[in-house]
């Protein structure tokens, strides 16, 4: 019985060492992550094999696993850039990005875990300065926002795709001009809108005048045709027809045939 404690101590130590060995030899990678294996005694970062995917993995205790998030992430950046005429513009943009999964080992080896601040953000700033420098404040403020956004995306992507970073989108969220420039642009836009509205009213009035002229000319032609067709005989005949209709009326009247103007019947009555 006295010997049992002496036997139990080595077993306990062995169990502890086994637990430590197992804890150092296993790694669990969560959803949306991937691991880069670093072999301490055989070549360092593994770049010629896919990264360790989600789940439980056994690795040698002297090796190390560096875990990266491989889901899409968002990076915000506020910049001060110059327009084509040298005015300072404040630009706020965000990038949707993620590491190139199949080249995660190369990303870790050459750029490291701080690849966003080392590569991505400086590239966005450089591309934004290059693109915004091609446009005037008026273009930045109004019609060219989508074009600028696309050009910044294309220039940034061209660089970072060779740096093992996958760029999905660039969003220009805000463009802030100096207050005096903004006010001047807004006044100019209002004046242009008022000018367009005035031109529209003039065009409308011109069309209405043309319509009235055409309508008047049509009526004049119709009256000429009507006047040319109304002879004395036709007028006399129409007068006689009207007189006969009146004679059929129950109202008391006296009709004197041939006593009216142009030989028309004369109708006398108390009503």
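The values are calculated or read from the model by the stated rules, or taken from the named source; none is laboratory data. Quick caveat: nothing in here was measured; it's all calculated off a predicted structure. Quick reminder, even Gly has a Cβ in these numbers, built from the backbone with ideal geometry, and neighbours come from all protein chains shown.
Considering the range 37-72, and only residues there that are assigned to a strand (DSSP E or B) and farther than 16 Å from residue 108 by Cβ, the residue that is modelled with the lowest pLDDT turns out to be 58. Under the condition of being touching a residue at least 40 places away in the same chain (Cβ under 8 Å), surrounded by fewer than 14 Cβ atoms within 10 Å (Cβ to Cβ) and out of contact with any strand residue (DSSP E or B) (no Cβ under 9 Å at 6 or more places or on another chain), the residues counted in the range 66-87 number 2.
Could you tell me whether residue 152 is touching a helix residue (DSSP H, G or I) at 6+ places or on another chain (Cβ under 8 Å), part of a strand (DSSP E or B) and not assigned by TED's automatic domain parsing to the domain that holds residue 34? Lay out the reasoning, then the answer.
Details: touching a helix residue (DSSP H, G or I) at 6+ places or on another chain (Cβ under 8 Å): yes; part of a strand (DSSP E or B): no; not assigned by TED's automatic domain parsing to the domain that holds residue 34: yes.
So residue 152 fails the test.
On the basis of being on the phi > 0 side of the Ramachandran plot and not assigned by TED's automatic domain parsing to the domain that holds residue 171, does residue 32 make the cut?
Numbers: on the phi > 0 side of the Ramachandran plot: yes; not assigned by TED's automatic domain parsing to the domain that holds residue 171: yes.
So residue 32 fits the description; yes.
Give the range 88-116 a look and list any residue that's assigned to a strand (DSSP E or B) and surrounded by fewer than 20 Cβ atoms within 10 Å (Cβ to Cβ), or say none. Within the range 88-116, 88, 90, 92, 94, 96, 98 meet the criteria.
Looking at the range 132-140, is at least one residue farther than 21 Å from residue 73 by Cα, free of Cβ contacts under 8 Å to residues at least 12 places away in the same chain and out of contact with any helix residue (DSSP H, G or I) (no Cβ under 6 Å at 6 or more places or on another chain)?
Within the range 132-140, the first condition is being farther than 21 Å from residue 73 by Cα, and the residues that meet it are 132-140.
With the extra rule that they be free of Cβ contacts under 8 Å to residues at least 12 places away in the same chain, the set shrinks to 139.
Retained after the next criterion (residues that are out of contact with any helix residue (DSSP H, G or I) (no Cβ under 6 Å at 6 or more places or on another chain)): 139.
Taking every residue of the range 132-140 in turn, at least one turns out to be farther than 21 Å from residue 73 by Cα, free of Cβ contacts under 8 Å to residues at least 12 places away in the same chain and out of contact with any helix residue (DSSP H, G or I) (no Cβ under 6 Å at 6 or more places or on another chain).
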